[in-house]
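Trainee: One structure coming up, written as structure tokens, with questions to follow.
Read-outs: derived from the displayed coordinates by stated rules, not from any lab. Small disclaimer: the values here were computed from a predicted structure and weren't measured. All Cβ positions, even for glycine, are placed from backbone atoms using ideal geometry, and neighbour counts span all protein chains on display.
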Amino acid sequence: MAQRNAGGAEPAREQSTVTAKTSHFPEPAKLAAAPVTLRFELVPFPGTVNRPQQAVSCEAACNRQCSSSSEESWRKMNHQSSSRYHPLLLTATALIFLLAGVPHARGQQTSASPSVSASNKPYLVEWVYKVKWGHADEFWQIFKKYQIPVLNREQELGYVTSYTVYKPGLHTGEDTRWEYRIVIVYKNQASSGHGAEITKQLFPDQATLKREENRRWELTEAHYDLPIRVIDPNGDGDE
């Protein structure tokens, strides 16, 4: 066909066609001059959350959890420490109060000791009888019938620790003589007040007792009941 159109008509048509096809693209100068701006926008996929917000939420949640865990751990540590040291604190407090009360207790004990010892110390009493001349044996028989059984019973009950009857070995002057001396050691002073009740228990016949005891007092010229004390011979005269 090119040969047939040797006059040049066919090539010109082909050139026009190429030009027409390329006319849709911009020219190189225009393409370079037109600025191109690219914009990218993050579009979340459906069903998802924004990544930055999710990161912030996770961080806040982590901080809250860590803070809560730290507080819980601190409370546990404080509770354990309190549980461990609470008995020690109570013991120390009790010891302080105990030590603080020791001097006061010692003072009370020191002040109370004399009264306690005084109420429990032995109580000594001396009975002394001066009898009419020639009637010492009669006096002794009545005394032995009533007073000695009472003293023995008081000793059995624990009121009397011991007693001793004395009689002079020689005669002395009229103003200083005595026939019988009885030294009684009571458990304490309170124990010396049971003689009358024991006498009633041992001798129900009170009429005979009264009559015979009156006779004994008729034979007695002088009598005294005297509390006596034992002193330290190497001391200053006190008990």
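Trainee: For ILE148 and THR176 in the same chain, what is the full-extension length gain: residue separation times 0.36 nm, less their Cα-Cα distance, in nm?
Mentor: Details: separation 28, 0.36 × 28 = 10.08 nm, distance 2.51 nm.
Result for the pair: 7.6 nm of gain on full extension.
Trainee: Assuming R0 = 22 Å, what is the FRET efficiency of GLN189 and VAL128, from their Cβ-Cβ distance, to the nearest 0.05? Each step should come with its number before you reach the end.
Mentor: Details: r = 19 Å, r/R0 = 0.89.
Once the sixth-power term is evaluated, E becomes 0.65.
Trainee: Let me spell out the model: positive unit charges on the Cβ of Lys and Arg, negative unit charges on the Cβ of Asp and Glu, origin at the Cα centre of region 121-228. What dipole size does that give, in debye rounded to 20? Walk me through the intermediate numbers first.
Mentor: Numbers: 15 positive and 15 negative charges, 39 e Å.
Its charge dipole is roughly 180 debye.
Trainee: Of VAL230, VAL128, how do they rank once you tally other Cβ atoms within 10 Å and put the fewest first?
Mentor: Details: VAL230 9, VAL128 16.
Ascending Cβ contact count within 10 Å gives the list VAL230, VAL128.
Trainee: Could you calculate the contour length gain from ASN214 to LYS200, that is, 0.36 nm times the residue separation minus the distance between their Cα atoms, to one decimal place in nm?
Mentor: Values: separation 14, 0.36 × 14 = 5.04 nm, distance 1.60 nm.
Length gained, ASN214 through LYS200: 3.4 nm.
Trainee: Could I ask something else about it? Contour minus end-to-end for GLN141 and LYS121, with contour as 0.36 nm per residue of separation and end-to-end as the Cα-Cα distance? Walk me through the numbers on the way to the answer.
Mentor: Numbers: separation 20, 0.36 × 20 = 7.20 nm, distance 3.27 nm.
Here the segment from GLN141 to LYS121 would lengthen by 3.9 nm.
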